[in-house]
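Contents: one structure, followed by commentary.
Laboratory data are not the source of any read-out in this text; all were calculated from the coordinates shown. Please read these numbers as outputs of a predicted model, since none were measured by experiment. A quick note on method: Cβ atoms are made from the backbone with ideal geometry, for glycine too, and the neighbour counts reach across all protein chains shown.
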Amino acid sequence: MADQDSISVGIVGGGLMGVGIATRFALAGMPALVVEARGERAAGIPLVAQDILSQLLDAGVIDGARCDAALARLRVTADLAGLAAAPVVIEAIPEDLQAKQALYAQLEAVVALDAIIASNTSGFPPDALSAQMRARERFLVAHFWNPPHAIPLVEVVPGSATDPDAVERIVRLLDRAGAEPVVLKAAIPGFIGNRLQFAVLREALHIVRSGAATPDTVDAVMKACLGRRYSIMGPFESADLGGLHTLLGIGANLMPELAKDEDVLELMREHVDKGELGAATGQGFHTWDEDRIADLKARRRRQLRQD
Ligand code: NAI
């Protein structure tokens, strides 16, 4: 068990993201304290963390000793006062602006003056989140991706009042945790990752809606081609390698053909209206039977081994 004085990071909200974030730090040798308000959820956190670590153990990424050591570095409490000694606190409570703002007021009364308060928000801009804070210079967004123990990207988004020193400090902390932080120059909606993700999803929906291909075919194209390419290079590196004159020619013809509106979301709305929410309900664009789930788990294990 981590003792309070040696906490490297505090995480408020022990849900899907909070436990994954805490586990990433614990795996990197950094004691993490999770503050979770719901007693039942708090009691289950060690088991959730154990499950995440078991996936890494099964994939051969860590051994038993590292798994046990990581678990020993995780602590759970319901009391925000436990964060008094934390140099950095990452907020991972649900996406509710008022609830997040109310939490920051409580946090500011507990943590040290120079402690960083970061939000894992999916979409609120840092200036809206920190609007009521006393010390806005200590606040920034640190947007992890799910699952945080396996996806290294963290989008760091400073607000207009954020101290550059806070940005440098959180980047150093994330580096130590084996994450791959990027710092945005401006807080654009969706930051970078979600904009790219939704640009791809819009075109994927457009292709399926046009009748040119099924979701299976679009997924196959992504996995067999672009997914592989993008795991080792970004779109600008890829453009440079393809030759900018060549891509300019293709783009000039193709760009006007691409989907530009959000009306393609109708295709998703039809599923949602039928209660087909995806893997969680067993049906979305695909049927999530045992075979498909087992296949995905095997692919995830392979990817964890390669990382
Ligand atoms: P979640 O609902 O799984 O977990 C939130 C947890 O916070 C719950 O266990 C809840 O009991 C706890 N909580 C609520 N208020 C609290 C308080 N005042 N003090 C202590 N604990 C409190 O939510 P999830 O999915 O982990 O999302 C958390 C944040 O991360 C949201 O802002 C979300 O937009 C963002 N995010 C989510 C991603 C995802 O894929 N789910 C990906 C990236 C960011």
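Under 5 Å between amide hydrogens, built in the peptide plane, is the criterion, and for Val9 it picks out Leu33 among residues at least 5 positions away or on other chains. Basic side chains Lys and Arg get +1 at the Cβ, acidic Asp and Glu get -1 at the Cβ, and with that the dipole of the chain about its Cα centre reaches some 460 debye.
In this structure, Asp63 and Lys223 have a Cβ-Cβ separation that, at R0 = 45 Å, corresponds to a calculated FRET efficiency of about 0.90. Here the range 156-216 is treated as a Stokes sphere of Kirkwood radius computed over C-alpha pairs; at 25 °C and 0.890 mPa s its diffusion coefficient rounds to 173 µm²/s.
Just round it to a whole percent: the fraction of Cα-Cα distances in the chain exceeding 32 Å. Roughly 36 percent, rounded to a whole number. Computed 3J(HN,Hα) for the range 169-177, one whole-Hz value per residue from the Karplus formula 6.51 cos²θ - 1.76 cosθ + 1.60 where θ = phi - 60°, is 5, 6, 4, 4, 4, 5, 4, 4, 7, glycine and proline marked x.
Annotation: amide H-H contacts under 5 Å for Val141 (H modelled 1.01 Å from N, sequence separation of 5 or more, or interchain): Ser119, Val157, Gly159.
Taken one residue at a time, the phi angles of the range 75-91 give Karplus couplings (6.51, -1.76, 1.60, θ = phi - 60°) of 10, 10, 8, 9, 9, 4, 4, x, 8, 3, 9, 7, x, 9, 10, 10, 8 Hz. Gly and Pro are set to x. Over every Cα atom in the range 4-183, the radius of gyration and the widest Cα-Cα span, Dmax, amount to 15.1, 46 Å. Mind jotting down the distance between the C-alpha centroids of the range 201-244 and the range 8-27, whole Å? Each part reduced to its Cα centre gives a spacing of 32 Å. Along the range 237-245 the Karplus relation, 6.51 cos²θ - 1.76 cosθ + 1.60 evaluated at θ = phi - 60°, assigns HN-Hα couplings of 4, 5, 5, 4, 6, x, x, 5, 5 Hz to successive residues, with x for each Gly and Pro.
In terms of the mean number of neighbouring beta-carbon atoms within 10 Å, the peptides 285-297, 144-156, 76-88 order highest first as 144-156, 76-88, 285-297.
Distant-in-sequence amide contacts of Gln283, defined by a placed amide H-H separation under 5 Å and a gap of 5 or more residues or a different chain, comprise Leu277, Gly278, Trp288. The alpha-carbon of Lys223 sits under 30 angstrom from the alpha-carbons of these lysines, leaving out residues fewer than 8 places away in its chain: Lys260, Lys274, Lys297.
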